[in-house]
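Undergrad: My structure is below; once you've seen it, I'll send some questions.
The values are calculated or read from the model by the stated rules, or taken from the named source; none is laboratory data. Please read all numbers here as calculations on a predicted model, not as lab measurements. Methodologically, a virtual Cβ is constructed for each residue, glycine included, from the backbone with ideal geometry; neighbour enumeration extends over all protein chains shown.
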Amino acid sequence: MQVKLEYIELGKDLDHAEILFQQYSNLIYKYIIQFVRINGIKIEINEYDDIFQEIALKLIKNGYIDSFDEKRSSIKTWLSIISKTSVIDYMRKRNKQFNEVNVDIYENELSFEHKSNDLDLPKGLLTERQEQVINMFFVDGFEAKEIAQRLQISSKTARSIKHQALERLRNHLGVATTDSSRRAS
């Protein structure tokens, strides 16, 4: 590639990418920020750097820098297009990862629903959430932390729901502990 970048001719002994990034990194960030704002995309501040790194990889690793042709477009137009497509690619990849995580959670919930009939709990005694937590503890063998993640509650809440459900079951079966009997009176 023999392209003039702001009066510096890129020769074989100079690193094309280094010169490109020295001169145009601020412009690349500007293009990323503009595209994100115009399209109302919600991203964290550190994700701008991740997108910039994606662009750098495309330019260097994928050889985009060698494909630039000043007869077809200006360097600024070319960088603008690469920046926009990189934001789109980044968001697709991020959303795909997000969706894959959600699919795993739903698959686990489906398998949980299939197994939930293994415990013969009295109908109407426990709330739906209590039944769900009890089955996850005793049928599926999940720890409080795992249940909390799956149900999007805290571990403390998961343990509390389990405790409340067990108290109801003990009272129903007439095997309440002396502590729970005192509390009931």
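Undergrad: Take Glu146 and tell me if it is surrounded by 14 or more Cβ atoms within 10 Å (Cβ to Cβ), within 16 Å of Leu173 (Cβ to Cβ) and either charged (D, E, K, R) or not assigned by TED's automatic domain parsing to the domain that holds Leu173 (or both).
TA: In short, no.
Undergrad: Can we say Phe112 is outside the structural domain of Glu44 (by TED's automatic domain parsing), modelled with pLDDT under 60, of a type in the set (Phe, Trp, Tyr) and under 30 Å from Glu54 (Cα atoms)?
TA: On the way: outside the structural domain of Glu44 (by TED's automatic domain parsing): yes; modelled with pLDDT under 60: yes; of a type in the set (Phe, Trp, Tyr): yes; under 30 Å from Glu54 (Cα atoms): no.
No; evaluated as a whole, the condition is false for this residue.
Undergrad: Mind checking whether some residue in the range 85-99 is over 30 Å from Gly63 (Cα atoms) and either at pLDDT below 85 or not acidic (Asp, Glu) (or both)?
TA: Yes.
Undergrad: Further, regarding this structure: Taking the stated definitions as given, is Ile65 more than 26 Å from Asn95 (Cβ to Cβ) and surrounded by 15 or more Cβ atoms within 10 Å (Cβ to Cβ)?
TA: Working: more than 26 Å from Asn95 (Cβ to Cβ): yes; surrounded by 15 or more Cβ atoms within 10 Å (Cβ to Cβ): yes.
So Ile65 fits the description; yes.
Undergrad: Still on this model: When you check Asn46 against the structure, is it over 20 Å from Glu18 (Cβ atoms), at pLDDT below 80 and not hydroxyl-bearing (Ser, Thr, Tyr), yes or no?
TA: Considered against the rule, which asks whether it is over 20 Å from Glu18 (Cβ atoms), at pLDDT below 80 and not hydroxyl-bearing (Ser, Thr, Tyr), Asn46 comes out as no.
Undergrad: Still on this structure, I have one more. Given the criterion assigned by TED's automatic domain parsing to the domain that holds Thr85, assigned to a helix (DSSP H, G or I) and modelled with pLDDT of 80 or more, identify the matching residue among Ile33, Ile41.
TA: Of Ile33, Ile41, the one residue that is assigned by TED's automatic domain parsing to the domain that holds Thr85, assigned to a helix (DSSP H, G or I) and modelled with pLDDT of 80 or more is Ile33.
Undergrad: Then there is this: Looking at (1) at pLDDT 80 or above; (2) closer than 28 Å to Glu47 by Cβ; (3) of a type outside the set (S, T, N, Q), find the lone condition where Tyr106 falls short.
TA: (1)
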